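Every read-out reported here was derived from the displayed coordinates using simple, explicitly stated rules and does not represent laboratory data. Note that this is a predicted model, so its numbers are computed, not measured. Positions of Cβ are backbone-derived with ideal geometry, glycine not excepted, and every protein chain shown enters the neighbour counts.
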Amino acid sequence: MSQPVLITGATGHTGRQTLQILAEKRVPVRALVHQEDARAQQLRALGAEVVVGDLLDFDDARRALRGVRAAYFVFPIRPGVIQSAAYFGQAAKEAGVEAIVNMSQISARKDAKSHAAQDHWVAERVLDDSGVPTIHIRPTYFAEWLVYPHFLATIRDEGAIRHPFGQGRHAPIAAEDQARLIAAFLVEPEPHLGKIYPLHGPVEMSQHEIAAAVGKTLGKKVVYEPSTMEEYRALLERAKMSPFLVQHLCEVAVDYQNGIFAGEDSIIEAVTGQAPMTVQAYLSAHRSAYVGGQ
């Protein structure tokens, strides 16, 4: 396998871990990063070719995709994913790329109230129309939510998880488990081209069950305290999230209540031969995040 695969978002949760898996398998990898910094140097140390560029710049996309066999496309939750997908798809077509693995989201659908979720659905269609065979993955909430600063502090300091998620359920999915699947798709995309895969962890849980699992793993009492949407919005705004992201998170909280995020793994173990991590296993591996402030 002489042609490289391209990893966008190469310093992010899924991108970096996908790159590391591929590098360990001695698959040639090219990494697209936003800037030349210590993280870019770390990617080079893993054996990656590093390209600096912006997915919202067509010329950067063309340069990054030139000579690439397959590519992982991921765009943050901010305006621009449709334009970026159009640039990426056209550049991939010009470069003769054989397959794209697209990171979408489980709430992506035509009639989504979240602007980001609706944009991701449109971006999926843009990539489908590009002529480059694409695999869409739609993860539920990441297990990483449990260690994001604005939620971690509440768990650590107050023993509480607060969301307006009602009686909804989901199976948290770790980025590293997604990365194993993404790497497998990039190496052998053919059986999966044109498909859409929801991604879940192994065990669907309510917020009360997640809180109990977190408490048991950390050795302290943790409870789920349902919040109002107004309280949740205020929390997100205090965390200085953008209005676009706040609108998204509030609308998908309603989706969560309505069962959009529910489900259990049906593809990661089948493709990779390894089941994704449980909440308990994830927290055991990341327990150090909770040490400070106790």
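Annotations
- Amide H contacts under 5 Å for Val101, placed H, 5+ residues apart: Ala71, Tyr72, Phe73, Ile135
- Amide H partners (placed H, <5 Å) of Ala31, local residues excluded: Ile7, Glu49, Val50, Val51
- The amide H of Val223, built 1.01 Å from its N in the peptide plane, has Ala160, Ile161 as neighbours under 5 Å, considering only residues 5 or more places off or on other chains.
- Listed by chain and number, the lysines placed with their C-alpha closer than 24 angstrom to that of Lys110 are Lys195; residues fewer than eight positions away on the same chain are left out.
- For the stretch 165-180, 3J(HN,Hα) computed residue by residue from phi via the Karplus equation (6.51, -1.76, 1.60; θ = phi - 60°) reads 9, x, 9, x, 9, 7, 10, x, 10, 6, 4, 5, 6, 5, 4, 4 Hz, glycine and proline entered as x.
- Spin-label zone in the stretch 162-193 - amide nitrogen under 16 Å from a point set 7 Å from the Cα of Lys25 along the C-beta vector: 176-193
- Low-density loop cleavage sites - trypsin sites (Lys or Arg not before Pro) in the stretch 210-294, where at most 13 other Cβ are within 10 Å (DSSP): Lys220, Lys221, Lys240
- Take every Cα pair under 8 Å whose residues are at least 6 apart in sequence, average their separation, divide by the length of the chain, and the relative contact order is 18 percent.
- Our note on the geometry: Cα centres of the stretch 10-28 and the stretch 88-140, 21 Å apart.
- For the stretch 188-290, the relative contact order is 42 percent, taking Cα pairs closer than 8 Å that sit 6 or more residues apart in sequence and dividing their mean separation by the residue count.
- Using θ = phi - 60° in the Karplus curve 6.51 cos²θ - 1.76 cosθ + 1.60, the 3J(HN,Hα) couplings for the stretch 261-271 round to 8, 6, x, 10, 4, 9, 10, 5, 5, 5, 8 Hz; x is entered for Gly and Pro.
- Across the stretch 181-190, computed HN-Hα scalar couplings (Karplus, 6.51 cos²θ - 1.76 cosθ + 1.60, θ = phi - 60°) run 5, 4, 4, 5, 5, 5, 6, 9, x, 3 Hz from first to last residue, x flagging Gly and Pro.
- Furthest towards positive pole of dipole, Ala108, Gly67, Gln90, structure part the stretch 32-116, Cβ charges: Ala108
- Dipole moment magnitude, nearest 20 debye, the stretch 38-184 about Cα centre, only Lys, Arg, Asp, Glu C-beta charged: 180
- Rounded, prolate or oblate (a/c below 1.5 giving rounded, otherwise prolate when a/b exceeds b/c) for the chain by Cα gyration tensor: prolate
- Residues Asp177, Asp128 arranged by fewest to most Cβ contacts within 10 Å: Asp128, Asp177
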